[in-house]
Amino acid sequence: MRCGAWFAALAVAAGMIGCGSEDSTTANDVVQSVDGRSAVDTLIGVFVVKGKSSDPLVDASYVDYRQISRVKLQVDGEPWGTFSFDGGELAAAGSQDGWVLHSTRSEALLVATLGTEGERTDDPLDSVEEWVALLHKHLAPGGHVALVEDVVLKKTDGTFVTAQPRLLVPFTIAQGDRSALLGDVVVEIDPAGGAR
Amino acid sequence: MKREAGALAAWTSLAWLALCASACGTEITVKNSVPSATLENVRWVTESGTVYTPSDQHLLPGQESKPVTIPEPDQDATGHLEFELLVEGRKVALKTDNVFRSVLGESTAFEVWPKTAARNPLASSATSGDPQPANP
């Protein structure tokens, strides 16, 4: 009887933990390392889209960071995910052909954490094999290469264009790291000719 | 006299049923059928909230736990499995969407497969979905 009450209390406690869920908790947030082994699951970088000009006398121009909609990454040849930027609304006033350009860098913060892609598309991990795949997917210490596969940009008229820069970004993970720094990721596009 | 005999027969039947149930023994085991993953701290939590835990707290791929005897109130109960999924030094706590049912007087193996629907309560969204049959 006493045992039953204890189990019931345990179950209530488990229920309370379940009720405490938050929308912002990603699948990767709930993964724990049991032996202190390095398990990098987050890539951080500063994302800049630079306008390419065919005229070398024209100063470089930078696309406003709020026009960067999302980016698709691979790491070591495997899909890492598609990550959205939430830069807010951008007024069309002063734009050139749908682009808001600056003479100085306009930077967006890229935080690419494994497991966030599925949740953003309302497709949470919901089977044991999907969780096994997530647990397998982490980066060991050493050298790695990220590939910026696609960059989706939003013009001021609301249309989207996709650039495929195929930009390779090498990075290194040290023992004990929990995230990896990609540094500056500068993607060049030709605003006049549309995205590549 | 007839009434007394009837009552005695009813009591005898009930006692026989209870004896049979306890003698046959309702048991459950949990089997890990997930390649390359270990199940830890496995427990079966019935709909009424009672928790049954096999003595083996570490089930390697293909391994089946020792049986757990299920007492009378839960001998025909349904519940969900909760466990920690361990892969390459990383683990996550999961609860199955699948419902597992004990069968009165029988030994039932609850098998966790790669396709078994399972979520982490903290990471999953509000949608829980309909219960699904165990061992799809």
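The values are calculated or read from the model by the stated rules, or taken from the named source; none is laboratory data. No experiment lies behind these values; they were computed from the predicted model shown. We place every Cβ from the backbone using ideal geometry, glycine too, and count neighbours over all the protein chains shown.
Before moving on, here are some points about what is shown:
- Being part of a strand (DSSP E or B), at pLDDT below 90 and within 14 Å of another protein chain (Cβ to nearest Cβ) is a condition met by no residue of the stretch A:70-92.
- Of the criteria (1) under 16 Å from residue A:74 (Cβ atoms); (2) not in a strand (DSSP E or B), which one residue A:146 fails: (2)
- Looking at B:36, B:55, just one residue is surrounded by fewer than 17 Cβ atoms within 10 Å (Cβ to Cβ), of a type in the set (Ser, Thr, Tyr) and on the phi > 0 side of the Ramachandran plot, and that residue is B:36.
- Check on residue A:130, of a type in the set (Asp, Glu) and under 30 Å from residue B:61 (Cβ atoms): yes
- Taking (1) of a type outside the set (D, E, K, R); (2) within 15 Å of the chain's Cα centre (by Cα); (3) within 9 Å of chain A (Cβ to nearest Cβ) in turn, residue B:86 satisfies each apart from (2).
- When residue A:42 is tested against (1) modelled with pLDDT of 75 or more; (2) touching a Leu at 6+ places or on another chain (Cβ under 7 Å); (3) closer than 30 Å to residue B:41 by Cα, just one condition goes unmet, and that condition is (2).
- Residues of the stretch B:99-117 satisfying the condition of being more than 9 Å from the chain's Cα centre (by Cα) and within 14 Å of another protein chain (Cβ to nearest Cβ): B:111, B:112, B:113, B:114, B:115, B:116, B:117
- If you go through the stretch B:51-69 and keep only what is among the polar types (S, T, N, Q) and within 16 Å of residue B:86 (Cβ to Cβ), you end up with B:57, B:63, B:65.
- Qualifying positions in the stretch A:68-100 - closer than 18 Å to residue A:185 by Cα and polar (S, T, N, Q): A:69, A:74, A:82, A:84
- Residue in the stretch A:91-105 that is under 21 Å from the mean Cα position of the chain (by Cα) and crowded, with 20+ Cβ neighbours inside 10 Å present: no
- Annotation note: Cβ proximity below 6 Å between a residue of the stretch A:57-82 that is over 16 Å from residue A:102 (Cα atoms) and a residue that is at pLDDT 90 or above and small (Gly, Ala, Ser) (sequence gap 6+ or interchain) occurs for A:73/A:146; A:75/A:146.
- Boolean, residue A:53 is away from chain B (no Cβ under 14 Å), surrounded by fewer than 17 Cβ atoms within 10 Å (Cβ to Cβ) and either modelled with pLDDT of 85 or more or in a loop (DSSP other than H, G, I, E, B) (or both): yes
- Out of B:83, B:110, sole residue that is at pLDDT 95 or above, farther than 23 Å from residue A:134 by Cα and part of a strand (DSSP E or B): B:110
- Among the residues of this structure, residue B:35 counts as one that is within 10 Å of chain A (Cβ to nearest Cβ), in a loop (DSSP other than H, G, I, E, B) and under 27 Å from residue A:138 (Cβ atoms).
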